[in-house]
1. How large is ³J(HN,Hα), in whole Hz, for each residue of segment 93-99 in order, when computed from phi with the Karplus curve 6.51 cos²θ - 1.76 cosθ + 1.60 and θ = phi - 60°, using x for Gly and Pro?
2. Over the heavy atoms of MET189, what accessible area does a 1.4 Å probe trace out, to the nearest 10 Å²?
3. Among DSSP beta bridges whose residues both lie in segment 54-213, state the antiparallel percentage, nearest 5.
4. Order the following by accessible area, largest value first: TYR176, TYR120. Probe radius 1.4 Å; ligands, DNA and RNA are ignored.
5. For the cross-link pairs LYS90/LYS204; LYS90/LYS124; LYS33/LYS204; LYS90/LYS195; LYS80/LYS195, which exceed 29 Å when the distance is taken from alpha carbon to alpha carbon?
6. Suppose accessible area is computed on protein heavy atoms with a 1.4 Å probe; arrange GLU23, GLU199, GLU38 from highest to lowest.
7. Over the alpha-carbon set of segment 91-205, work out the extent along each principal axis and list the three values in angstrom, largest first.
Amino acid sequence: MKITLSLPVLVVLALSVCCYSYEPNTLPDTRDKQFIEECVTAHNHFRSRVNPAASNMLHMSWDPDLAKTARAWAKTCQFKHNIYLKIRGKAHPTFTSVGENIWTGSLRMFSVTAALTSWYDEFKDYAYGTNTCTNVCGHYTQVVWATSYKVGCAVHFCPTVTGFRGSNAAHFICNYGPAGNYPTWPYDMGAACSKCNGEKCVDKLCENPEREKIISMYHNQILFLEFVTLSTVLLKNNSSFCL
């Protein structure tokens with residue numbers, strides 16, 4: 001099966017799924033806890049509800065390095081995929097290839113839930129039995145790719161986006177590790193969690209504490225830089241702090 005990577009303009013008509021009304025300077029940062037939680041929760045919500053059921057669907061958790069890559073590419077304001085995704089070491093220090101979904105649309109229409117819903121709704125154009133698409137469905141298959149267990153997302157305000165006819169857009173990108181959308185089925189059909197190999201089953205997803213607690217090199221660097229910056233400020237202000 002060949003899954004197209006074309007990026008149609010995804011217009012979200014169900015405004016009821018939008019929870020926020022953003023301004024250019026209020027879009028969340030990749031370290032915003034609420035943004036991170038919404039990205040992870042929305043992905044796992046849809047991954048746990050595939051039909052037919054998945055026997056090997058892994059629980060997805062946040063990866064700061066993937067978010068860093070998503071943010072860097074979003075800032076280029078291009079309506080096309082990152083050209084470095086499949087080059088070892090370019091998109092992530094560990095994953096040899098990285099998957100990607102892109103949503104670009106009106107700033108007032110953006111929310112993580114709206115974007116994820118538009119991707120997931122492509123299931124209508126996907127037939128599991130034959131592993132084929134009648135239209136674009138590559139966003140859906142990446143969201144529900146069983147072995148993609150890490151995600152990192154970013155959103156950036158772009159006055160204009162190359163390849164997109166709209167203006168004043170929210171440019172939202174999610175990167176996935178390891179990448180999905182290979183010429184095979186996105187997951188194994190069967191009773192939920194029946195192929196978790198002894199791992200904990202949580203809401204029809206295979207959960208492993210070791211996968212959950214992977215801390216990226218980038219995240220450690222950020223924490224260290226934040227600590228050094230805070231220490232410098234406190235020392236300059238003759239402030240004290242305890243570890």
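1. Result, rounded to whole Hz: x, 10, 6, 6, 9, 10, x.
2. It works out to around 120 Å².
3. If we restrict to bridges inside segment 54-213, about 85 percent are antiparallel.
4. On the way: TYR176 0, TYR120 30 Å².
My answer, sorted largest first, is TYR120, TYR176.
5. Working: LYS90/LYS204 33 Å; LYS90/LYS124 34 Å; LYS33/LYS204 25 Å; LYS90/LYS195 32 Å; LYS80/LYS195 35 Å.
Where the Cα-Cα span goes over 29 Å, the pairs concerned are LYS90/LYS204; LYS90/LYS124; LYS90/LYS195; LYS80/LYS195.
6. Greatest to least solvent exposure: GLU23, GLU199, GLU38.
7. 48, 35, 26 Å, listed from the longest principal axis down.
The values are calculated or read from the model by the stated rules, or taken from the named source; none is laboratory data. Small disclaimer: the values here were computed from a predicted structure and weren't measured. The accessibility values were calculated without ligands, DNA or RNA, using every heavy atom of the protein model including side chains. Shrake-Rupley method; radii C 1.70, N 1.55, O 1.52, S 1.80 Å.
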